[in-house]
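Student: Quick one: the structure is below, questions incoming.
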Amino acid sequence: MNAEHDAGVAAPQLERKQETRPEFESRLNLRARLRDWDPGIGVAAYLLCLVSFSASAWVATRVFDRLPHVEDDVAFLFQAKTIASGHLLATPPSQPVFFQIPFVIIRDGHWFGKYPPGYPAVLALGVLTGRPWLLNPLIGALTVWLIFAAGRRLFDAPTGLLASALLVASPFFLLQSGSFMSHTTTLFWTTLFLLLFESTRRTRALWRAALAGAVIGMLFISRPLTAVGIGIPFVVWALLDLGFNWRRLREYGLMALTFLPFALGMLQYNRITTGHGTKFAYQLWWPYDKIGFGPDVGIGGHTFAAGKLDTRIDVDQLGHYLYGWPGHLSLVPLYFGFFLAIVGLLWRGGSYLAARRDDRQSAPRLAPEVWDLLLTGMIVSLIVVHIAYWTPGLMYGPRYYFEAIGAMVLLSSRGILGFASLLAVLVRRAVPRLPLARVWTSAALLIVVAGLTLWNFNNFAPARFREFTNWYNINANGLRVVEAAGISNAVVFVHEEQWTDYAPFFSQNTPALNTDIVYAIDQGDANSQLMAEYPGRRYYRYANGQLTPLPGP
């Protein structure tokens with residue numbers, strides 16, 4: 001009986017011994033995460049997401065009047081409506097002179113915006129719900145959560161929470177998330193890729209590798225140069241990883257394979273729109289709108305010196321827009337986070353490399369400073385690749401750097417909390433008997449950050465919100481006049497002196513030009529030609545805030 005009892009005990013023990021190491025480590029990691037999880041921090045993160053959505057929706061409504069405000073926005077929305085209708089490209093109108101708008105092109109029987117299709121495909125989801133202006137606020141809120149998750153995964157929960165709070169308080173983030181620009185969505189793809197890359201490397205799960213490749217693919221078919229800038233540090237990382245463990249070729253190879261269809265799809269899209277796989281539709285509108293240096297790039301040519309000048313302009317603007325703090329204080333936590341990363345790597349670099357040599361099968365836990373270095377690489381790489389682009393791209397902030405703002409807030413959070421730790425060491429040496437020195441120094445530093453943030457929302461942010469209200473003189477006033485008139489089944493001819501007069505009306509059309517009210521550019525006597533294509537409708541002219549009935553043809 002004792003032997004049977006011993007055998008009964010031994011069997012489960014044998015089964016536990018046969019449990020694979022990854023499964024055992026996974027269970028331990030899950031238990032550790034559950035044990036370390038603080039519900040209060042989780043609730044705070046959810047509240048930050050809610051604040052982000054509410055604030056961005058307020059900006060979309062009060063600042064941008066729920067309308068596209070620049071040429072890019074108008075083209076994005078047109079492409080999104082085309083995709084929402086089930087087509088990649090639209091059929092051009094028979095009389096395009098009535099529907100001309102910047103960055104929307106007619107070529108070879110196709111009507112399309114000049115931008116890659118990635119972001120418009122996402123914006124099409126907003127079009128299908130009838131609330132396209134809400135898409136970026138929603139994606140911005142999801143990105144706040146991803147930033148929190150990234151900070152918690154790479155460092156700890158307080159770092160993630162502070163980083164997400166810094167993001168929500170950023171005027172740069174709120175303006176982009178309230179607009180129709182593509183950057184909020186591409187920031188989402190960038191942050192999701194960071195999380196998937198980390199989890200793929202840690203777990204070696206193939207489905208995560210495949211998803212990571214698809215996510216960077218979505219970034220590529222949305223903003224190709226941005227994808228290159230963001231991707232370079234990860235490619236370097238992967239090559240170094242393969243040097244230590246060639247078996248990781250399986251995961252990194254799968255990432256590349258799932259990225260490949262997106263790259264090939266972009267080539268095919270270019271062939272359809274421009275006739276050449278490597279020629280983007282940007283050049284159909286402006287032949288000089290391309291990447292590189294030379295007399296045929298940009299207005300009057302582009303040089304490396306001009307690119308460096310644009311970089312100085314953008315970095316200067318980043319110092320204001322990142323957190324809206326006075327002077328260039330917004331960059332101080334970022335610089336200090338990078339400084340601490342270098343010091344930390346120099347301090348423990350030897351032990352880190354030894355761990356890499358000793359463990360070639362599984363992924364050792366990386367020092368936080370290694371992730372700091374990767375985040376820095378994302379920022380620097382994105383800045384450097386845009387030296388080759390001919391314009392600084394200032395719109396609601398230095399927007400070409402926006403996809404690195406996730407890395408910026410994480411590194412800033414590391415800098416703030418790292419500085420608090422350093423102060424705590426100094427305080428403990430000066431006042432050895434002071435209890436909870438780290439708590440006091442952290443609280444004091446967070447109070448300073450809160451004070452600077454209040455300064456932002458009392459000074460910098462309101463000034464920027466006022467500046468971009470009615471930007472380009474675009475607003476919904478004319479649409480409200482039409483709505484108040486209660487008309488239906490009509491064609492409204494809009495008096496246009498410049499494209500911005502027609503832009504808010506054009507954004508109400510569908511590419512099929514079959515809405516209850518179709519808005520066209522007033523062409524005077526030639527209006528009768530378009531009226532003939534819409535028999536049985538009523539006709540009006542909108543000019544100077546007045547809606548006037550017109551006789552039929």
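Student: Under the condition of being outside any helix (DSSP H, G or I) and not β-branched (Val, Ile, Thr), which residue from the range 199-257 is farthest from Ala121 (Cα to Cα)?
Tutor: The qualifying residue farthest from Ala121 (Cα to Cα) is Asn245.
Student: Does the range 459-475 hold any residues that are assigned to a helix (DSSP H, G or I) and more than 14 Å from Tyr321 (Cα to Cα), and which are they?
Tutor: Arg466, Trp471, Tyr472, Asn473
Student: Can you tell me which residue in the range 285-302 is nearest to Val384 (Cα to Cα), limited to those that are surrounded by 15 or more Cβ atoms within 10 Å (Cβ to Cβ) and β-branched (Val, Ile, Thr)?
Tutor: Among them, the one singled out is Ile291.
Student: Please work out which one of (1) surrounded by fewer than 22 Cβ atoms within 10 Å (Cβ to Cβ); (2) over 14 Å from the mean Cα position of the chain (by Cα); (3) in contact (Cβ under 8 Å) with a residue 40 or more places away in the chain is the condition Gly151 fails and give its number.
Tutor: Every condition holds for Gly151 apart from (1).
Student: Which of the residues spanning the range 179-197 are surrounded by fewer than 24 Cβ atoms within 10 Å (Cβ to Cβ) and not in a helix (DSSP H, G or I)?
Tutor: Met181
Student: State yes or no: is Val518 under 37 Å from the mean Cα position of the chain (by Cα) and closer than 28 Å to Val59 by Cβ?
Tutor: Values: under 37 Å from the mean Cα position of the chain (by Cα): yes; closer than 28 Å to Val59 by Cβ: no.
No: the conditions fail for Val518.
Student: Among the residues of the range 488-506 satisfying the criterion of being open to solvent by less than 10 Å² (accessible area, probe 1.4 Å) and under 20 Å from Gly536 (Cα atoms), which is nearest to the chain's Cα centre (by Cα)?
Tutor: Among those that are open to solvent by less than 10 Å² (accessible area, probe 1.4 Å) and under 20 Å from Gly536 (Cα atoms), it is Val494.
Student: Out of the residues in the range 451-470 that are out of contact with any Gly (no Cβ under 8 Å at 6 or more places or on another chain) and hydrophobic (A, V, I, L, M, F, W, C), state the one that is least open to solvent (accessible area, probe 1.4 Å).
Tutor: By that ranking, first place goes to Phe468.
Student: Looking at (1) at positive phi; (2) in contact (Cβ under 8 Å) with a residue 12 or more places away in the chain, which is the one condition that is false for Ile139?
Tutor: Failed condition: (1).
Student: State all residues of the range 38-93 that are open to solvent by 40 Å² or more (accessible area, probe 1.4 Å), small (Gly, Ala, Ser) and either over 26 Å from Leu513 (Cα atoms) or at pLDDT below 95 (or both); if no residue qualifies, say none.
Tutor: Answer for the range 38-93, where residues must be open to solvent by 40 Å² or more (accessible area, probe 1.4 Å), small (Gly, Ala, Ser) and either over 26 Å from Leu513 (Cα atoms) or at pLDDT below 95 (or both): Gly40, Ser54.
Student: Has the range 275-284 got any residue that is without any contact (Cβ under 8 Å) to a residue 60 or more places away in the chain, of a type in the set (S, T, N, Q) and open to solvent by 10 Å² or more (accessible area, probe 1.4 Å)?
Tutor: Within the range 275-284 (the criterion being without any contact (Cβ under 8 Å) to a residue 60 or more places away in the chain, of a type in the set (S, T, N, Q) and open to solvent by 10 Å² or more (accessible area, probe 1.4 Å)), the answer is yes, since at least one residue qualifies.
Student: So for the range 481-504 (the condition being touching a helix residue (DSSP H, G or I) at 6+ places or on another chain (Cβ under 6 Å), in a loop (DSSP other than H, G, I, E, B), among the small types (Gly, Ala, Ser) and under 30 Å from Tyr396 (Cβ atoms)), does at least one residue qualify?
Tutor: no
The values are calculated or read from the model by the stated rules, or taken from the named source; none is laboratory data. Not measured: the values here are computed from a predicted model. For neighbour counting, all protein chains shown are included, and Cβ atoms are generated from backbone atoms with ideal geometry for every residue, glycine included. Ligands, DNA and RNA are stripped out before the accessible areas are found, and what is left, the full protein with its side chains, is counted by its heavy atoms. Shrake-Rupley method; radii C 1.70, N 1.55, O 1.52, S 1.80 Å.
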